[in-house]
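The values are calculated or read from the model by the stated rules, or taken from the named source; none is laboratory data. Please read these numbers as outputs of a predicted model, since none were measured by experiment. Positions of Cβ are backbone-derived with ideal geometry, glycine not excepted, and every protein chain shown enters the neighbour counts. Accessible surface areas use protein heavy atoms only, side chains included; no ligands, DNA or RNA. Shrake-Rupley method; radii C 1.70, N 1.55, O 1.52, S 1.80 Å.
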Amino acid sequence: MDGITEKTAIEGSKIEFKKVSAHFGASVTGIDVSKPLSAADHQALSAGLAKYEILVFRDQDITAQNLMDFGGSFSELTVHPFSPNDDNNPELIVFDNKEGNPPFSTDVWHSDETFRLEPPMATMLCAKIVPEIGGDTMFSSMSAGYESLSQKIKDLIEDMVGVHDLGPFKRLFGGTTEGRALLLDYGNRYPLVAHPIVRIHPDSGKKVLFVNPQFTVHIEGLTQRESDHLLDILFHQAVIPEYQYRHHWEPNTLVFWDNRSVQHYAVHDYYPQRRKMDRVTLKGTVPVGPAGPSVFLEDYLAQHDNSEDGVDKFGGHRPLRQFDRENPDL
Ligand code: OGA
Ligand code: MN
């Protein structure tokens, strides 16, 4: 190993990893993704994902079924509630963006589907048709983002939880009576979730920063103003160039990202050129951190009374009234 390339130590696997940026990400050779995975290769890739956070596989001329089989060998595949799911295979999302079909709202830093109590462990995206210019995907390491916070902020956020909701997807429903009824139904299926802000990665044991500007709307126990400012600081960690990897797509490149430890941003600079990608999403587990496991917000609120801090259960803020103060006579 020379620090940039690494042959896996797993016996029976020919896989090699080559780093693609300073903090995270590796391209993988020695594997044909269209063939069933051997146990040794599976083990090597699982270890590689935990270590590198993103794996890039080039020149993989695979079918959608191959992608589903490859993804399905790591975890059950999940169905996205709002994306353009394939009619025959709801676990498969086909993004076919071109004139008349502009890209989805993925041009914001995010981890996928953190409005779920169990957000995906990983996502796989495979390029089929790429624009001549543009259409890159940016990734940012949230283990690097966490590590580089000051100790004071690390201490502050250690036991905090972030509230995640459906975010921009709520806009998809429009202002009709049917749209509002459907939104209510989705709200019932995906109630607000309180995720630990500091998450312990279950495989690497690393601490990662688990908030994102697409879905995290509030930090529990803070006033709205405090929460907005602290979230602004935390969201900024994704934007620091040193912790990023910018992926330029070629057809038949597959990227397997660890949704627990990276955020991503789809650069929307190619419309109306065509960009066609296949995606599958891998089921994850309940996040766990020093603040405990993720729970629905209503369960968190039942266990935590913040009212003495001037913060009520509406996540708002009320000025301390005279009778609230410790010594009202002063
Ligand atoms: C996604 C996503 C990025 C891209 O599929 O979750 O954000 O570059 N896509 O299309
Ligand atoms: Mn995404």
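So the values come out like this:
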item: Near pairs, Cβ below 7 angstrom, 6+ apart or cross-chain, from segment 193-220 (closer than 21 Å to residue 49 by Cβ) to any residue that is among the charged types (D, E, K, R) and assigned to a loop (DSSP other than H, G, I, E, B); result: 198/158; 199/260; 201/260; 208/260
item: For residue 279: the one exception among (1) of a type in the set (Lys, Arg); (2) within 16 Å of ligand 1 (Cβ to nearest atom); (3) at pLDDT below 95; result: (3)
item: Residue within segment 90-105 that is closer than 22 Å to residue 204 by Cα and away from ligand 2 (no atom under 16 Å from the Cβ) present; result: no
item: Qualifying residue in segment 139-146 (condition: of a type outside the set (Val, Ile, Thr), within 14 Å of residue 211 (Cα to Cα), open to solvent by 10 Å² or more (accessible area, probe 1.4 Å) and more than 14 Å from ligand 2 (Cβ to nearest atom)); result: yes
item: Candidate set: segment 15-39, residues that are touching a residue at least 60 places away in the same chain (Cβ under 8 Å) and on the phi < 0 side of the Ramachandran plot; chosen: the one farthest from the chain's Cα centre (by Cα); result: 33
item: Sole residue being more than 15 Å from ligand 1 (Cβ to nearest atom), under 26 Å from residue 269 (Cβ atoms) and outside any loop (DSSP other than H, G, I, E, B), chosen from 55, 49; result: 55
item: Hits in segment 280-307 - residues which are within 14 Å of ligand 2 (Cβ to nearest atom) and either over 19 Å from residue 215 (Cβ atoms) or more than 14 Å from the chain's Cα centre (by Cα) (or both); result: 280
item: Only one of 187, 179 that is open to solvent by 10 Å² or more (accessible area, probe 1.4 Å) and either within 20 Å of the chain's Cα centre (by Cα) or not aromatic (Phe, Trp, Tyr) (or both); result: 187
item: Top-ranked residue in segment 1-34 [being closer than 23 Å to residue 243 by Cβ and aliphatic (A, V, I, L, M); ranked as surrounded by the fewest Cβ atoms within 10 Å (Cβ to Cβ)]; result: 1
item: Residue, nearest to residue 245 (Cα to Cα), within segment 35-71, restricted to residues that are surrounded by fewer than 21 Cβ atoms within 10 Å (Cβ to Cβ) and of a type in the set (Asp, Glu); result: 59
item: Test for residue 237: is it touching a helix residue (DSSP H, G or I) at 6+ places or on another chain (Cβ under 8 Å) and within 16 Å of ligand 2 (Cβ to nearest atom); result: no
item: Single residue of 123, 114, 106 found to be β-branched (Val, Ile, Thr), within 12 Å of ligand 1 (Cβ to nearest atom) and part of a strand (DSSP E or B); result: 123
item: Failed criterion for residue 72 (all others in (1) farther than 26 Å from residue 293 by Cβ; (2) in contact (Cβ under 8 Å) with a residue 60 or more places away in the chain hold); result: (1)
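The rows are residues; the columns are (1) open to solvent by less than 30 Å² (accessible area, probe 1.4 Å); (2) hydroxyl-bearing (Ser, Thr, Tyr).
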site	(1), (2)
129	no, no
137	yes, yes
148	no, yes
163	yes, no
169	yes, no
